[in-house]
Structures are given as structure tokens and as C-alpha cells.
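Okay, structure first, notes after.
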Amino acid sequence: MHRLSPAGLPQKFPPLRSPEARPTNLPRQLTSFIGREHELANARELFGGTDLLTLTGFGGIGKTRLALQLASSVADRFTDGTWFVDLAPIADDRFISATVLAAMSVREEPGRDTTDTLAEHLREKSALLVFDNCEHVIDGAARLVDRLLQACPNVKVVATSREVLDVPGELVLRVSTLDEEEAISLFAARAKSAVPSFTISSENRGAVERICRRLDGIALAIELAAARVKTMPIDELWKRLDDSLAGLGGGSRTALPRHQTLRGLIEWSYNLLPEAERAALRRLAVFAGDFSIESASAACVGDPIREAEVLDLLARLVDKSLVQFDTEGTRRYRLLESTKAFAAERLGEAGELETAEDAHARYFQNQARGAIANFATAAYEDVRASIAGDYAEHRAILQRDLVEKKNVVRAAELAASLGYYWAERGHAREGRFWLERSIEYDAELPDETRALAWLGLSRQYYLQGEIEKLSAAAQRALEIYTRLGHARGLANARNQIATADYRSGRVDEAMDLWRQNLAAAAELADTRVEAVALTNLAIAASEMKSDYAMAAEYLHRAVALLRERGDTAGLAVSLNSLGVIAAYQGRFGDAERYCLESLSLFRSIGEETRIIAQLLTIAENRIWAERAEDAREPLREALDRLRPLSHPWFTDYCVDVTAQFAVGSGRLEDAAALFGFVEAYRPLHRLAPPRNPAKEKAVASVRAALGEETFARAQATGRAFTAETALDRVTDLLE
């Protein structure tokens, strides 16, 4: 495959991936893997004979670490990647498949179950999935694994769980505790991390051996104990540890269950902490996933902790192995599940649970409010990145407040504030779930929350191609904003209604609403409302009215406003439209320049549907410029991105552009078939075709070249295509 580089034009397409590249999201390990050579070899042997290997054992024994080591050692066998999925933050097994899709950076498909999307995405792929912490959603995890293994012959799964998944074909490796030498080696390595001068000597070896035996070879327990060499001599560590654990299980060491040993060790470590450190540790249990120093401060501050102390407290808890910290990557903190479970119990016993949950929810509500307040400004990029990093917390709050505790006002406000985020990230299915759940309590919600929720829901319907529901939801928002006299809300609702009108072919009605927004923008002095209205009016004027002069005038005004605001997404949309108009006018050099800048901006913010649309626009413009071969690469990338998305609008656009590509490549019967598919497909999805003189000319040329009978036969073939069949034909044409 050759990379095309037209002279004098910047190239924004990503480099082609070599066959050796293996995509992965396996987390970087912060400490060395010690011991378990025999167990790792056994795991590799079992893995070679099954599609599902489950590592079982109690918490803290080292299942996750062994699974990651196994996955790393076999990753080169899987050409389409090795993917780690932590299920610990998930409270509802309905979100397991969505979490897997997110881990693989695969978008949801509008109107389709996420499990179906995942199975279809992996059907022909060679991939390894590592499902960690399955026990609390065991039924849902088992159903998903069973479905994937049946549907995807080249997918394998490694799972960690305290109980087996009980899926046909599952092989189980019960992870054992460390043997004595492994345990001593682990203790020595972790103690050396705490105190660089630490070594195993003839003087201390006996105490280390006794500690490791006393802790039953449990990896997490040994790491916690080793961290204490920083604060006490090894002999004192042994004595105090032995005294602390002796009371468990009635004093019978041989009868002591290992899970009690770990719990006792964590409790012993906790009791050694000063009160401020204990308070911090138990309050951190409120987090569903990993967390930043800022969010930790929000959860921890309160008697006896002052804000200025939080960073130092976290550092001390990291030193004692009670909190994990990624020093080089994300620079975020997390609690291991065993530690979190213990800390959560202490949080409840201290009577602090409700206070901690409220502080946690307030912090992330404010973060989500920032998405609304800063939307379409330069500051929004940082807000979006923060929400993406903390999304496990937003989901946990919605689950806790909307499903479990019925704190619906707070939950609905959070869901409403996340409407933009869900829409632009392509999480329409989950966004729709939470927003529809929120508006079930419509009568209980404050008016502004209700309006914002309906508006957010309209955006999810837009992504799923449900035009009538989009219009109805936006109308509900419009009614509320009208009653409130909320001018900016009215402008946003009108824009959504106009979008529905335009997609349904009611162009004049849509343009009238956008003109109303243009007038409202002047009263509001809101440059974003003005820029959006100008851009949409320009698109309508060019596509439906062929008034390119008006369209260009509007778009240049919009671009200037958006550059000044630092609105990356809005600027990219307007530049795209300028490119389309330039292409309509035959100014293909200008069209390429505008569209490549637009594509670069969309790539910078990761807005997948817009990237697809822009790639298709670039391809179409090149076809119109009689550079059909140069359209092949952007078409291929658009198709690769579209396959897991399967959005009807972009399916239509991709097939339509490829049909024009086929004309330019001399594949006339294929072109006629794809044109036939588009004609049949658009009415099924209520897609109003834009006026496209170049496309109309291409269809006429194919009809004339093939003759009426052959053309009609090819079109009839295309009308019978399913979307999948049409995309398969597109794939063949782009080979």
C-alpha cells in the first residue's frame, strides 16, 4: 500500500500501521514481577488449550498481576490487540459491554445493543481480552464472555475472579500463595523500595521468614508489611505483627483463613496510622476508580484534615502501600480492592459515609457543570479530558443517586450536564439511558434541570438518527425555556429543532429558526450562538439553494468568531463547510486546504463522527477534482472508523462517495448498484438528500454509459443490499 502525498499539501492522515504493531491498553506495571515462574508457565500452558482461562483466588493473592504478566507474554499472538478491562468500578452489569468498547476506543452503534456492537467488532479479529475483578458482576460477565467466544473465533479471554465464570470450555487456574523463597524475595524487593539500604542478612532473615509465613505468602499482605520497614526495625515489625494477628481465628494459626490474614494485616496497618491518615484512607474508599489529587482533596478535607495536608497524607499512604500511585503515566492514585473494601467499612463505622458521598458528588457535579459553562471555548478541552479521566465516578454517582438512593434531583442535574459530553464522545446509548431515567422524574426536577435534560436527550437522539424523537425532546426543552425566559436555552433548543427539520427535508422551516437564532445572538452578545446559526444557514444556502456567495460570507464571519473564541469543534465545522462550498465552486485547492485544517482539528479533539464526515468530504472533493485515486486513502480510513459505528447518516454518505469513486475508477456497474442502495436506504432512515450537482452529473454519466437496461438492473441489485452488504462492496472497491 502506498501513502499518497500530493505536492504542496499538508498531510493529516495517520501513518499506516505496520503488521508488527499490536494495539494494547495493558496498564504499565509500577513494580517488578517477582516469583511465580512455575505458575506463569502453568498459566501459559493452560491458556494455549482454551479460549477462556479464569484465574481464581481470594483478594490480594495476586490474580491481577499474574493475569497482566500472562497477557504481556502472549500479546504478540494477537494482531488486533490485547485489551485490559477493569470491572471493579461497574455497579451494573448492563454497562460491561460499553466499558469494553470504551477500553478498545470503539464507539457505540446508534440503536444497537452494545453487546451486539462488540461482538460484531471482534467477529473477524484476533484479540485478547483481560477481564479483571469479575466477581461482583459475575452473571453479566459470564454472559458476555460466552457470547463473545461463540461469535468471535479468534478472540481469547483471561478473567480474574473470586469465583469461576462457569462458561463452557472454561479452564480454571487457582492462584496459590507464594512459596517461602518467593515470599522472601517479594518482601526484600518491596522493603528495598521503602528503604534503599535494606538487604536480607543473616541477622534479619529469620524475622523476614517468620513474617512471610505468618502472612501465609499472600502477596498484598507481604507488600503492606514490607512498607513498614521504613518506620520500625524488622524484629519489632515481626513482634507487633504477630501480636496483632494472633487473636484472629481464636488464636489458632493453623486454622486462620487466609482472607482473615489479609484483613487482619490491613486492619493492623490501618490501626498504626495517625488519625489524619486513617481519615484520609477511609474517605478515599468513596472513589469508584482511580483519582486525581484535586478530587482526593475534595473527598478528604474535613476534621481532622486540612486541604494543605492532603498531598502529604497521600504520599505517606503511598509509602505504606495502602494507596497506589502511578508516578510516570497518569499520575493518579487508586486503592486496591481489598484495601478499598476495608476502608469502606471503616467509613461507614465512622458515620462519615453520607458526608463523603456528598463531597464526592459535589466535586464531580461541578466538573460536569464546567462542561456546560465552558462548552465551545478553549477551556473546554481541559474539562472534557477531566471528565473522560473521571468517568467511572460520574457513572458511580448516577448509579448511586438515580438507581439506589433515589436522590434524583442531584443525579438528574449531573446527567443533564453530561449531555454534551455523551453526544460528542459517541456514548449516545448510555447517555440516553441515564437521561431517559432522569426524565422519568420530570415533575420532581427544577425547571432548568428538566430543560437541560430534554436538550441533552435530543442530542443523543440525533446521534442515533431518531429525528422525530430529536424534535420532540427539543420541543419539550423549548417549552420550558420559553416559560423561564431563558434566551440562550431557547437558542439551543431552536437549533436542535432546526436540525430535525433540515434532516427531514423541511429546509425553509429550519432556515427560519436559524435566522431567529441569528437575531437572538445579537441580543445575547453570544458569539457562539451567532457562529452556529451562521454556519447552519450557510450549509443550507449552499446545499439547498446553491447560494454560494451568501454561504461563503456567513462562513467567513463564523470562522473569525470561532477562532477568537478558541472553539475548536465549532471552527472545524465551519472550515469543513467552507471546503464544501469551495468544491461546489470548483476551487479545489481552497477546498483541500480548508478541509485538511478541519480534519486536523477534529482529530485533536477525538470527535469520531466528525472525523469520518471530514474524511468523506475530502474524498468527495478529490473525486470532483478528478483525482479519484487520491480519494482512496481517506475513504479507507473513513470506512475503518465507520464499521464499528454503523451510523445511518455516515453509512449513506460513505456509500454515496464510494459510488462516485467507482465512477472515477471506471467501475460503472458497481457505481450504479451503490447509487441504487443509497436511493433505497435514505427513505428507510428519513434522510433528506442534499442537492449535489456533481453527484447528479455522475449518475447521469453512468446511466448514459451503461444504457438504461443495464443501469436499471444494477440499481435493482443495489436496492436489495443491506447496509452490511453495501459496506462490503465498498471494501472490495477500495482494495
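Values quoted throughout were computed directly from the atomic coordinates according to the rules given, and no laboratory measurement underlies them. Computed from a predicted model, the values in this text were never measured in an experiment. With ideal geometry, Cβ positions are generated from the backbone for all residues, glycine too; neighbour counts draw on all protein chains shown.
Quick notes on this one:
- Cβ-based net charge around Asp382, under 13 Å, with every Lys or Arg adding one and every Asp or Glu removing one: -2
- The stretch 92-125 residues near the modelled Val403 label - backbone nitrogen below 16 Å, point 7 Å along Cα→Cβ: 92-100, 114-115
- Fewest-first ordering of Thr731, Thr651, Thr499 by other beta carbons within 10 Å of each residue's beta carbon gives Thr731, Thr499, Thr651.
- Modelled spin-label separation between Glu124 and Glu444, with each label point placed 7 Å from Cα along the Cα-to-Cβ direction: 4.8 nm.
- The calculated FRET efficiency for Arg306 paired with Lys239, based on their beta-carbon distance and R0 = 30 Å, is about 0.30.
- In terms of packing, defined here as the mean over residues of other Cβ atoms within 10 angstrom, the peptides 431-437, 453-459 line up highest first as 453-459, 431-437.
- Protection proxy ranking, peptides 279-291, 344-356, average beta carbon neighbours within 10 Å, highest first: 279-291, 344-356
- The charge dipole of the stretch 263-377, taken about its Cα centre with unit charges on the Cβ of Lys, Arg, Asp and Glu (plus for the first two, minus for the last two), comes to roughly 200 debye.
- Cβ crowding within 10 Å averaged over residues, with 72-85, 47-60 ranked highest first: 47-60, 72-85
- Here the spin labels are modelled as points 7 Å beyond Cα on the Cα-Cβ line, and at Arg213 and Ser105 they lie 5.2 nm apart.
- Secondary-structure-derived ellipticity at 222 nm for the chain, considering helices only, amounts to -20000 deg cm²/dmol, per-run term -39500 (n - 2.57) for DSSP H runs with n ≥ 4.
- For the stretch 275-351, a Kirkwood radius taken over Cα pairs fed into Stokes-Einstein (37 °C, viscosity 0.692 mPa s) yields D = 269 µm²/s.
- Calculated log₁₀ intensity ratio I(q)/I(0) where the Debye formula runs over C-alpha points of the chain, q = 0.05 Å⁻¹: -0.31
- Calculated FRET value between Asn366 and Ser604, using beta carbons and R₀ = 22 Å, to 0.05: 0.30
- When the C-alpha to C-alpha distance is required to be over 30 Å, the pairs from Lys125/Lys695; Lys469/Lys697; Lys239/Lys320 that qualify are Lys125/Lys695; Lys469/Lys697.
- If the segment from Glu679 to Asn42 were pulled out straight at 0.36 nm per residue, it would be longer than the present Cα-Cα gap by 223.6 nm.
- Distance between modelled label sites at Asp382 and Thr327, nm, 7 Å Cα→Cβ extension: 2.7
- At R0 = 60 Å, FRET efficiency that the Cβ-Cβ distance of Asp358 and Thr710 yields, to 0.05: 0.25
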